[in-house]
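Colleague: Quick one: the structure is below, questions incoming.
The values are calculated or read from the model by the stated rules, or taken from the named source; none is laboratory data. Here the structure is a predicted model, which is why all the values come from computation and not from measurement. Glycine gets a Cβ as well: all are built from the backbone with ideal geometry, and neighbour counts include every protein chain shown. Areas reflect the complete protein model, heavy atoms only, side chains present, ligands, DNA and RNA absent. Shrake-Rupley method; radii C 1.70, N 1.55, O 1.52, S 1.80 Å.
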Amino acid sequence: MEERLVKLAKKGDKTALERLLQSNYSIVKGYLLKMTMNKTLTEDIVQETMMKAILNIKKYKPKGKFSTWLITIATNLYRDKLRKDKRIIFENDLSYHEVPKNLEQSVIDKIDIEKINKILFELPDEKRMVFILKHYYGYQYKEISEIVKCPIGTVRSRLHYCIKQIQLQMEGVNDNE
Amino acid sequence: MIMSKDCESCQKKLVDIFYNEENMNNEVKNHIKTCHSCKEFFGRLYQMKDIMDKAKIEPSIEYAEILQSFKEVEIIKEKRRNLFDLILFIIISGVLLGLVALLIVEKYLVEIIYFQLVMYIIIPLSLPVIIKIRSLKEEYNERY
């Protein structure tokens, strides 16, 4: 299905491209929200990613999933933004999570999510990218290495580093509790 | 805590297994059976997953945002087309002016002035003919 849509989109079919962008929108936005932890910045980069994809669809060479290409564009745009402005404001209330069943649970979940987001945000950007892509979106090492443009071994060691750090931070949080 | 090389390599493999990059083999299985810290590490991976999954984000699709991107791209394309037209215009005018300058240098100034005078006279004279052809065409289009 995706392959057919890509073929049509490359031939200039606007509806096919629109459908491709719609089906991958959540992945791109979710990934960027996790990376930036900032709604405004995420919305800007999502818009720019979509625009770049529309402008360059004819140059796109389908090797893997279409989302891999979109995530690569989004990653490059995020890196550009970081180069221009290194101070990204951390917003803990991203408000894109599911509505919880009851108030008590909602408060507990909110606190947990805030802690998790803080732990994630403290990881170095390049390492966080790898963790988010692997843990939340299940990309293969090979795909991640193409997105972040580094060897598979580096992807593996970055992921390992993130897991170690997260486990350490979680221990700290549990100890404090 | 200092970790042995076996444990370090085993824990890396455990991460690969946890994320479905590799299958569990006997070597790793046997190591886990005998090594408490690696067994604990593997268990903590599942705990971590449960906690980290609470922060999963699934934003809804903003159709308007996608449509807006298409509109923005159209504006960019239009700007690019305009810029291309401007560059083409500059090149063509530059070439024509260059040719005129070259002819002047080659001492054809008088001929250029004559040519211009002839053009100034001919173009207005040809207007009635052009208008007549145009109206004939329009008449033809209206009829058929």
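Colleague: So for each of A:150-161, B:78-89, A:44-55 I average, over its residues, the number of other beta carbons within 10 Å; can you give me the resulting order with the highest mean first? Mind dumping the intermediate values first?
Modeller: Values: A:150-161: 17.2, B:78-89: 10.1, A:44-55: 20.8.
Ranking, from highest mean packing down: A:44-55, A:150-161, B:78-89.
Colleague: Could you tell me the total accessible area buried at the B-A interface, probe 1.4 Å, in square angstrom to the nearest hundred? Could you put the intermediate results ahead of the total?
Modeller: Details: alone 13510 and 11080 Å², together 20670 Å².
Approximately 3900 Å² gets buried when B meets A.
Colleague: All other residues with a Cβ under 13 Å from the Cβ of A:Y25 taken together, and with Lys, Arg as +1 and Asp, Glu as -1, what is their net charge?
Modeller: On the way: positive: A:R19, A:K29; negative: A:E18, A:E43, B:E58, B:E62, B:E65.
After counting each charged neighbour, the total is -3.
Colleague: While we're on this one: Keeping the other protein chains in place, figure out the carbon and sulfur percent of the accessible area of the protein assembly as shown, with a 1.4 Å probe.
Modeller: Values: 12120 of 20670 Å².
Result for the protein assembly as shown: 59 percent of the exposed heavy-atom area is carbon or sulfur.
Colleague: Counting only complete DSSP H runs, which helices of chain B cover 24 Å or more along their long axis at the Cα atoms and score a mean Kyte-Doolittle of 0.0 or above? Present the calculation step by step, with values, prior to reporting the outcome.
Modeller: Details: long enough: B:63-105 (63 Å, 1.17); B:109-143 (49 Å, 0.74).
TM-like helix candidates: B:63-105, B:109-143.
Colleague: Per residue, how much accessible area does the protein assembly as shown show when a 1.4 Å probe rolls over the protein heavy atoms, in square angstrom? Provide the component values of the computation, followed by the final result.
Modeller: On the way: 20670 Å² over 321 residues.
In whole numbers, the protein assembly as shown has 64 Å² accessible per residue.
Colleague: May I ask you to find the residues of the range B:1-33 that are shielded by at least 30 Å² of accessible area once the whole protein assembly is considered instead of their isolated chain (probe 1.4 Å)?
Modeller: Residues of the range B:1-33 that lose at least 30 Å² of accessible area once the other chains are added: B:K12, B:V15, B:D16, B:Y19, B:E21.
Colleague: What do you get for chymotrypsin sites (Phe, Trp or Tyr not before Pro) in the range A:1-87 restricted to DSSP loop and a cutoff of at most 16 other Cβ within 10 Å of the site's Cβ? Present the calculation step by step, with values, prior to reporting the outcome.
Modeller: Working: sites: A:Y25, A:Y31, A:Y60, A:F66, A:W69, A:Y78; in loops: A:Y60.
Sparse-neighbourhood loop chymotrypsin sites (Phe, Trp or Tyr not before Pro): A:Y60.
Colleague: Continuing with this model, one more query. Using the Kirkwood formula on the Cα atoms of chain B, what hydrodynamic radius do you get, in angstrom to one decimal? Could the numbers behind the result be given before it?
Modeller: Values: mean 1/r = 0.0399 Å⁻¹.
After inverting the pairwise mean of 1/r, the radius is 25.1 Å.
Colleague: A follow-up question, please. For the pair B:Y114 and A:K63, how long in nm is the line joining their label points, each one 7 Å along Cα→Cβ?
Modeller: Each label point lies 7 Å from its Cα, and together they span 6.7 nm.
Colleague: Kindly identify the protein assembly as shown as rounded, prolate or oblate by the Cα gyration tensor criterion: order the square roots of the eigenvalues as a ≥ b ≥ c, call it rounded if a/c is under 1.5, otherwise compare a/b with b/c, prolate if a/b is larger, else oblate.
Modeller: Working: a/c = 3.25, a/b = 2.72, b/c = 1.20.
Prolate, since a/c reaches 1.5 and a/b exceeds b/c.
Colleague: Hand me the GluC sites (Glu not before Pro) from the range B:82-144 located in a DSSP loop with no more than 11 other Cβ atoms within 10 Å, in residue order please.
Modeller: Sites meeting the loop and neighbour criteria: B:E106.
Colleague: Using a 1.4 angstrom probe and counting only protein chains, how large is the accessible area of B:M119 in Å², to 10?
Modeller: About 70 Å², ignoring ligands and nucleic acids.
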